[in-house]
Structures are given as C-alpha cells and as structure tokens.
C-alpha cells in the first residue's frame, strides 16, 4: 500500500514544471518514477491513471482530516480521550499544586475541563484549514516522502503547515476561549497563587497553550486515520479510495 501512496506524490510531481537539471539531481525523473508504479498496476489488471493516483492521495488526506476534526470537535472529544486530553499547563504546575492544597480542587478540575472544551470548540473550524493545506501542499519534498514511513503524509503536513496552522488557529482558539469562558475558571486560581509572598508570578499564555495542544491532538488523529486508510479496506469509504488503495491487494 505504501508504494501506491508514494506513487501519488510522484504522480503529482510529474505534472509540475520542474526543470530538467533539478530532475537529474534526483537521479530519476518524476515521470519515469510514476510510470514505473503505474505499469506495475497494469500488470495486476487494474490500471490507474496519474489523475486517479493523485485524487486518491488527496481524498485520503481529506477523509482523514475530516474524520479527525469531527471526532475532536464533538463533546468530550479531547476531554475524555486520554491521548488528546489537555492537562493543566506544565509550566504552571506549582499553581495547580498550590490551588489543590488550599482546597481549590474543584476549580482546578473545572479549569482543565474548560481547557479541553476550548480545543473542542476550535476543532469545529479546523477542517477547512487542513483542506487548504492539502490543496496548497508543495511537491518539492516528494522523493523524501517516497522513502518515508507509513505516516509520511502526516509528518509532511505537520512540518510544512504547522506555522500557518498556528497562525490561523490562534484567533479561532481565542474565540473558543471566550465562548467557554475559560478565564472565569483560571482567574481565581492564578490570583490566589500570585498573592503568595515571594512566589514567582505565573500567568501562562492560555491561547498559545490550547492552540499548541489542540493541533498536537489533531495531528495524532490524522496520523491514525492515514494508517487506517492504508491498511484497512473498511476505512476506504469512497470509490477512488477503494480503487487506488485496493489495487495493492491489502
């Protein structure tokens, strides 16, 4: 299945306007590499065009990101999923410990729940951000992805789009924080802590923290979806996914 996934990357590269000198540096032209994979499919009695391979890749990423954002944005998507749960900010652990000691356990728990509610709220607007990233993905690193692991597409998206996603997510998270009134639960905790004599004052950037952890969780889900589509026929929910990934006989 990995070969076909990578053939999509190569197939796209064959349609871009790379110059001959750049292609020579790669040791093999993108067209040659794509044709090699496509010829393999022809011998199996299930020929695939470059367009089908490309569409299969984009469809896989689209399905994966849509499923991921749908799961993350539902109630308790983050809060009751251990792999996604957003805890008290680590740099403010002293604040949590102090608040617990003085009987503010309930406030701490409500604050953590609301942190996760903010991420769930922000995830509702994540799908278009990922789709735009998929559409605008550069093919320059195509041959590096060719040699990568089963989560190569997820890693590529993470490396190439994280900065843009953070910039786009930040105002979304800020709006989500306002909507779920996160600071209502945070302010009493931090105010009590900062009144303690001689302690170093704390006030983490909650927007940056939720943004970072929300995206981390989403990428975990995207990676899981990518692996399912590669390996599980049941996860191939459209005709193009069935044809492209099913041609590998896995």
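Bear in mind these aren't lab numbers, they're just calculated from the coordinates by the rules spelled out. It should be emphasised that the depicted structure is a prediction, and the values quoted were computed from it without experimental measurement. Note that each Cβ is placed from the backbone with ideal geometry, even for glycine, and that neighbours are counted across all protein chains shown.
From least to most packed, judged by other beta carbons within 10 angstrom and beginning with the fewest, 225, 120, 112, 164 follow the order 164, 112, 225, 120. With a Förster radius of 25 Å applied to the beta-carbon distance between residue 170 and residue 220, the computed FRET efficiency rounds to 0.80. Each of 222, 196, 180 was scored by other Cβ atoms within 10 Å of its Cβ. Arranged with the fewest first, they read 196, 180, 222.
In this label model, residue 194 and residue 238 are separated by 4.9 nm, measuring between points 7 Å along each Cα→Cβ vector.
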